[in-house]
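The values are calculated or read from the model by the stated rules, or taken from the named source; none is laboratory data. None of the values given here were measured: they were computed from a predicted structure. Using ideal geometry, Cβ is built from the backbone for each residue, glycine included, and neighbour counts are taken over all protein chains shown.
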Number of protein chains: 4
Amino acid sequence: MISTQNLTSLLLETRERTESICKPLEIEDYVVQPDINVSPPKWHLGHTTWFFEEFILKLHKPNYRLFHDDFAFVFNSYYENIGKRVVRSDRGNLSRPGVAQVYDYRHYVTNELKEFLSGDISEEIEEVLLIGIHHEKQHQELLLSDIKYILGNNPLLPAYQDSINEYPIQNQEQEWIDISEGVYEIGFNDSGFCYDNELGRHKVYLHDFQISNQLVSNGDYIEFIEQGGYSDFNLWHADGWTWIQENNIQAPMYWHKVDGDWHYFTCSGLQKIERSAAVCHISYYEAFAFAQWKGARLPTEFEWEAAQPYFDWGDRWEWTESSYLPYPGYAKAPGAIGEYNGKFMVNQKVLRGGSVATPPNHTRPTYRNFFQPELRWQFTGLRLAK
Amino acid sequence: MISTQNLTSLLLETRERTESICKPLEIEDYVVQPDINVSPPKWHLGHTTWFFEEFILKLHKPNYRLFHDDFAFVFNSYYENIGKRVVRSDRGNLSRPGVAQVYDYRHYVTNELKEFLSGDISEEIEEVLLIGIHHEKQHQELLLSDIKYILGNNPLLPAYQDSINEYPIQNQEQEWIDISEGVYEIGFNDSGFCYDNELGRHKVYLHDFQISNQLVSNGDYIEFIEQGGYSDFNLWHADGWTWIQENNIQAPMYWHKVDGDWHYFTCSGLQKIERSAAVCHISYYEAFAFAQWKGARLPTEFEWEAAQPYFDWGDRWEWTESSYLPYPGYAKAPGAIGEYNGKFMVNQKVLRGGSVATPPNHTRPTYRNFFQPELRWQFTGLRLAK
Amino acid sequence: MISTQNLTSLLLETRERTESICKPLEIEDYVVQPDINVSPPKWHLGHTTWFFEEFILKLHKPNYRLFHDDFAFVFNSYYENIGKRVVRSDRGNLSRPGVAQVYDYRHYVTNELKEFLSGDISEEIEEVLLIGIHHEKQHQELLLSDIKYILGNNPLLPAYQDSINEYPIQNQEQEWIDISEGVYEIGFNDSGFCYDNELGRHKVYLHDFQISNQLVSNGDYIEFIEQGGYSDFNLWHADGWTWIQENNIQAPMYWHKVDGDWHYFTCSGLQKIERSAAVCHISYYEAFAFAQWKGARLPTEFEWEAAQPYFDWGDRWEWTESSYLPYPGYAKAPGAIGEYNGKFMVNQKVLRGGSVATPPNHTRPTYRNFFQPELRWQFTGLRLAK
Amino acid sequence: MISTQNLTSLLLETRERTESICKPLEIEDYVVQPDINVSPPKWHLGHTTWFFEEFILKLHKPNYRLFHDDFAFVFNSYYENIGKRVVRSDRGNLSRPGVAQVYDYRHYVTNELKEFLSGDISEEIEEVLLIGIHHEKQHQELLLSDIKYILGNNPLLPAYQDSINEYPIQNQEQEWIDISEGVYEIGFNDSGFCYDNELGRHKVYLHDFQISNQLVSNGDYIEFIEQGGYSDFNLWHADGWTWIQENNIQAPMYWHKVDGDWHYFTCSGLQKIERSAAVCHISYYEAFAFAQWKGARLPTEFEWEAAQPYFDWGDRWEWTESSYLPYPGYAKAPGAIGEYNGKFMVNQKVLRGGSVATPPNHTRPTYRNFFQPELRWQFTGLRLAK
């Protein structure tokens, strides 16, 4: 158990960081949902707040009064146990509650939490509170990805802010790291917070493999494009091939060819591509096809976890070959909190690492992110293995 | 020709009225598009402005500088002759240009027009300018309907403003007006402005018919609902029956049953239904089924036009049995302006009258409105004939 | 009333003609439904039989035993009053009942009808029987169109039979027939059979117009194609333009360019196009765009009916500008028979004439055919007016 | 290498068995495709033939003449390397080639193969020939599943034949088999034929687990249904829950409640459910939800393979928790044959075992079948682990 004082600091810090991400936005930017996977920023602000209201204050704070009776309906994401909710595709159709009211909601709940934390809390409540904090951190990453999408899909291509270094230069030599055959321990085995999907530390047998010390670069990826990677069906999964045909995909998301040169939209606006930086915003299908073209493959999540002490990581969420499945002995929590991870363990691929959008101290070597194989609005990349 | 001074007044009045409709809105309300037919208010503000910029200023004002190079792409609605544009379903995905910038755009263009009108203008330009003004008036009506939809489909059901009397009481006795068989003249035959689809005054032979002096009321419509109108397939067109099944339609749009009583959402918020007022927000399919149930029918647009001197109208756009087709001798104008009406003359039904949302002095006895038979977010109603 | 003997002859002749249309088919051809609008031939055979069983034998023949309890479910087309049925899109998913059983069903019902007609029948029953016979004749036309579609959309392009002259040469000079302004009587006014949608003879005022003495030819249509008719949006309705874009339409149905020359699939197989013959298998949208391109228009159904004594017709169903709407005083019959026509009087265009696929003595000057504006698997063409 | 004589026997036996499966069919049954996953029997007959023609005769038999130039277009399933083909959803729209012609095609190709095999063939050709034979065996299983679907989804529920014992009684006691933690070898390690996806025998670390000696029975599954399994969202994956809602799934495929008792459609027609027999025709989602409800889980494919010597299997393809992924060192063959397995290794779950529809001697302990998680027209079941 961490002290309530530290918990309060962590909470307040997290609550504030979310709001600071939204600082550069115009009010209009808070409202729209240009893709089903992209939630309006004000929805993120409300949803992370609702989580604390629903799972902490409503249940545990004596005489707590809901900020608004209908907000559970508006801000519940997918918790069937909590009840009916705005369907996901409708989030961008709601002009109300307005941005100012959502901030009022945030501040009301933050203050109530602060007050609540001035007393003693049980270990069980602390656990849920920590989930709420880490849940909000996860949404900070989504929030940034969603803001980038909202601006990057606008025909005016407005910039967000300059301070994010989305494409740090990789200036090491590419090398293959050798990892020896044997039994490895996989899963969380530390003090501190982790999600239930990392628990159940267990043994995995790995065969000899090599993994690259660095991420695939924009330069490598341009070569793939120029050598016809997007038109050679032998490189693609059948589902991936259908996906690129139906969506007319010919480059990573946010790439534009301007006067013959590749550019990409970044949080600072449209920029010329930096060839040495790691490629970003690709789907699993593209990562797989690139690896096929290189005569290599993606690592499994177990290989990645075993090898990660030997390379730098954290700029890109890295697609792995692994499907998102429960570890041996995985058991989801009872009730609504149990819906957090378990019910998504099908039809998704695991990503490992973290990204330029991940909040500080949020990810760790055992962290498992997961998305459907065609999604690419997150800061995704790839590392080769063989 | 009207004087340039009067033209300027009419223009400025119209431009201002559009903005005054938006006064009660929050910034967030300007942005969303909760249905493909419902455009964001800021889009209406920009589109009506773009119309003047594209068809007047760009072509005829010497040295005119576009306010923004990309706004034609953002604010063109459907003019193929003008070029590519944001697809209609994407209007609600654009947070930028922001509301303030759209107002700047409006004021820039209004000022440029004012300056332009201080000189002499040709009759041809005057004609286009008048189309632009009446085009903006049409959008005022759409704007109000869209605002109502944006708020009325929000789970919080926020009110817009109190001053619109959407459901005026009908306190006359219902009577049947007899119209005698014979040849009638149909179409515009007046001085002043009209659209090209009203021109081509021509003769139509009408047989004896009767038409009601008033609109079908909420009370009548509740009876239709209660007697199973929505579940008797014999009353419906095949397409209408499919439509109510697939969309689970059981009452007019905006109707809610609260504690056993019918209410409707109005611009002033949720209200108990006023039985004597004219029913509103019904589709052509519903209007037709109601008439079948009553053993009556809808008038044709010709019957309506011939009979209209003998009854009051203007509270509801009234569905007619007529399909939207060209009058004899109809010819569309060359170029982009020709796209205004002609290309929509298929798959739509004609509505006659006007509504509580119609700007003052905008409609007239020969005015032809038109919508697809399933639409009902406009202030539509019905009048029986037999 | 016609004599029961003549009625029996007419019935038997009709029943037999349907079967003779199917003679050239392989068993496999009876089963498939390559488009929602194309029913499997065995379904036509069964449905026309079920019509007699349901509306005559079951109700009026004492002790009649259904051939099979489930056939009403299988062969009901759209009669809500009769009960549940196989959804339309599933007709081609049913391998059973097999072709032989469907023929057994036909013969059983034909024999029962014959026996039934050996006694006296009421005028009311005669009327329904006549509807049944004419209903089957309508299906003969659909049957042929559907067979052509089934074979013409097969990559092997198998021929059906040689005896149908689908593209008779037009060897008259094109001339414009002048029709004078005035009041014309429209609708059925004869002895013999007609559908309810032709009844209600009434007056229509027509203005002076001209109508062509012949149909638009393949040669004319090729010129339209070659001069870019399919890529000039100004010629098209907005809905028509969307339709040709989404379906990549660039020529009439069944046209193929082989080694640089236009060919079409006919019932006798692929053939080089005969330029003087009337164009066939075009949608209303194409007919309209062609007329726009020619600076002409389509006639209304009233103009067509008034002018038809002065030109030859019967090779093509001719698209008109009229929407399918009830005539003044139209009233549908009570019960299931009332579903025959009335419930389709929305979203469809009227066609007049008849076609090379129409059974002998089936059509007449007042006959109203109707289809959605995008359909073209019928033998449709166009005649210009101005 | 097996002798050419044995190879010829195996080939002829296989070719004949395919045809014998079709013996009980009516010609109409060969043609339809009531679901995108269900191919018409005549397509299976043609496709398995085309495989030999394309990959053996065309390439290796001197002076081989194609049976028909267009058959590659008609019968290619998904081999991008071979060229364009009929889209999958159109297979049931083709009445031609007819059944008789498809049989001619079969016999022509079988004879050509026989002749070809009377000479010497290289090891490489033998390998492809063996793939062709096993490919055809796989299609025998699909053929039977598809026939069952074609008949079982027909409202007349016609029987196929009596000789298949789809629901053998399980009369052992249910017991849990204990498997000890350790490193296990997984993958093919035998002489004889296997697919490329079984190769790459490798080590896997398994933790202690228990696996049931028998399949989940109909009786158990009825209990799951009756205790509300299909309405408790906590048991389901999010995707599974959406799937049962959208498709209104409330029982395994082919189950019907008749007069209050559960029945299922079998190849012998509708039958009362045998409670002790293994449940069949369930999706992965249902298998998972059932296991959740029982407080157990599905085995991984590795657990299954390690444990399979200790239980009987072969009546049901058994869903596993494993996603279909390549084994370490997996490499697909170059060219079209490489499309056989590799490009499907995403978005599918592995099934192990075999079923009552599997041809004799076709499956083996290392055999990996795979389907999307919602499919259930195969003879699928489940075995619990914990």
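Which one is surrounded by the fewest Cβ atoms within 10 Å (Cβ to Cβ), of the residues in the stretch A:213-246 that are away from chain D (no Cβ under 14 Å) and farther than 22 Å from A:D261 by Cα? Looking at the filtered set, the residue picked out is A:N213.
Okay, residues lined up against (1) within 14 Å of chain C (Cβ to nearest Cβ); (2) more than 14 Å from the chain's Cα centre (by Cα); (3) within 19 Å of B:N189 (Cα to Cα):
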| position | (1), (2), (3) |
| --- | --- |
| B:W313 | no, yes, no |
| B:M345 | yes, yes, no |
| B:Q348 | yes, no, no |
| B:L351 | no, no, no |
| B:R376 | no, no, no |
| B:L382 | no, yes, no |
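State whether one or more residues within the stretch C:32-53 are of a type in the set (A, V, I, L, M), farther than 15 Å from C:Q140 by Cβ, without any contact (Cβ under 8 Å) to a residue 60 or more places away in the chain and surrounded by fewer than 19 Cβ atoms within 10 Å (Cβ to Cβ). Yes, some residue in the stretch C:32-53 is of a type in the set (A, V, I, L, M), farther than 15 Å from C:Q140 by Cβ, without any contact (Cβ under 8 Å) to a residue 60 or more places away in the chain and surrounded by fewer than 19 Cβ atoms within 10 Å (Cβ to Cβ).
Listed here are the residues, each with its yes/no results for (1) within 14 Å of another protein chain (Cβ to nearest Cβ); (2) in a loop (DSSP other than H, G, I, E, B).
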| position | (1), (2) |
| --- | --- |
| B:Y264 | no, no |
| B:P299 | yes, yes |
| B:A307 | no, no |
| B:V356 | no, yes |
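Filtered by the rule that a residue be under 30 Å from the mean Cα position of the chain (by Cα) and charged (D, E, K, R), the stretch D:112-134 gives D:E112, D:K114, D:E123, D:E124, D:E126, D:E127.
Do you know which residues across the stretch C:1-21 are touching a residue at least 12 places away in the same chain (Cβ under 8 Å) and either in a helix (DSSP H, G or I) or touching a Lys or Arg at 6+ places or on another chain (Cβ under 6 Å) (or both)? Explain how you work it out, then say what you get.
Taking the stretch C:1-21 as the starting set, the residues that turn out to be touching a residue at least 12 places away in the same chain (Cβ under 8 Å) are C:1-2, C:4, C:7-8, C:10-12, C:14-15, C:17-19, C:21.
Hits for the stretch C:1-21 are C:T4, C:L7, C:T8, C:L10, C:L11, C:L12, C:T14, C:R15, C:R17, C:T18, C:E19, C:I21.
Could you check the stretch B:140-225 for strands (runs of 3 or more DSSP E) lying wholly inside it with 1 or more residues that are acidic (D, E) and either more than 21 Å from the chain's Cα centre (by Cα) or within 30 Å of A:A72 (Cβ to Cβ) (or both)? Walk me through it before giving the result.
Values: elements: B:176-179, B:182-186, B:202-206, B:209-212.
Ranges flagged: B:176-179, B:182-186.
Within the stretch B:87-102, restricting attention to residues that are surrounded by fewer than 18 Cβ atoms within 10 Å (Cβ to Cβ) and within 13 Å of chain A (Cβ to nearest Cβ), the residue that is modelled with the highest pLDDT is B:A100. Scanning the stretch D:240-251 for residues that are under 22 Å from D:C280 (Cβ atoms) and of a type in the set (D, E) yields a count of 0.
Annotation note: Cβ proximity below 6 Å between a residue of the stretch B:279-295 that is more than 14 Å from chain C (Cβ to nearest Cβ) and closer than 10 Å to B:L384 by Cα and a residue that is at pLDDT 95 or above and assigned to a helix (DSSP H, G or I) (sequence gap 6+ or interchain) occurs for B:F290/B:F224. Select from the stretch A:169-203 the residues that are of a type in the set (S, T, Y), more than 25 Å from A:V216 (Cα to Cα) and within 14 Å of chain D (Cβ to nearest Cβ) and list them in ascending order. A:Y184 - this is the single residue of the stretch A:169-203 that is of a type in the set (S, T, Y), more than 25 Å from A:V216 (Cα to Cα) and within 14 Å of chain D (Cβ to nearest Cβ). Within the stretch A:317-354, the only residue that satisfies the criterion of being assigned to a loop (DSSP other than H, G, I, E, B) and of a type in the set (V, I, T) is A:V346.
Taking the criterion of being part of a helix (DSSP H, G or I), more than 23 Å from the chain's Cα centre (by Cα) and within 14 Å of chain A (Cβ to nearest Cβ), the residues of the stretch B:32-83 that qualify are B:F71, B:A72, B:F73.
Across the stretch C:22-31, what is the total count of residues that are buried (at least 22 other Cβ atoms within 10 Å of the Cβ), in contact (Cβ under 8 Å) with a residue 60 or more places away in the chain and assigned to a helix (DSSP H, G or I)?
Here is the first cut: in the stretch C:22-31, the residues buried (at least 22 other Cβ atoms within 10 Å of the Cβ) are C:28-31.
If we keep only those that are in contact (Cβ under 8 Å) with a residue 60 or more places away in the chain too, we end up with C:29-31.
Then drop every residue that is not assigned to a helix (DSSP H, G or I), which leaves C:29-30.
Residues that pass the stated criteria total 2.
Please work out which residue is surrounded by the most Cβ atoms within 10 Å (Cβ to Cβ), limiting yourself to the stretch D:315-338 and to residues that are among the acidic types (D, E) and more than 8 Å from every other protein chain (Cβ to nearest Cβ). So that I can check it myself, show each step before the final result.
Residues of the stretch D:315-338 that are among the acidic types (D, E), as a first pass: D:315, D:318, D:321.
Filter once more, so that each one left must be more than 8 Å from every other protein chain (Cβ to nearest Cβ): D:315, D:318.
Details: D:D315: 24, D:E318: 27.
Ranking the qualifying residues of the stretch D:315-338, first place goes to D:E318.
Please go through the stretch A:249-294 and pick out each residue that is of a type in the set (V, I, T) and modelled with pLDDT of 95 or more. If the condition is that a residue be of a type in the set (V, I, T) and modelled with pLDDT of 95 or more, then A:I249, A:T266, A:I273, A:V279, A:I282 are the ones that fit. For B:Q245, the conditions (1) part of a helix (DSSP H, G or I); (2) closer than 19 Å to B:K349 by Cβ; (3) not acidic (D, E) are fulfilled apart from (2). Among the conditions (1) more than 12 Å from chain A (Cβ to nearest Cβ); (2) more than 30 Å from A:A296 (Cβ to Cβ); (3) buried (at least 19 other Cβ atoms within 10 Å of the Cβ), D:R364 misses just one, which is (3).
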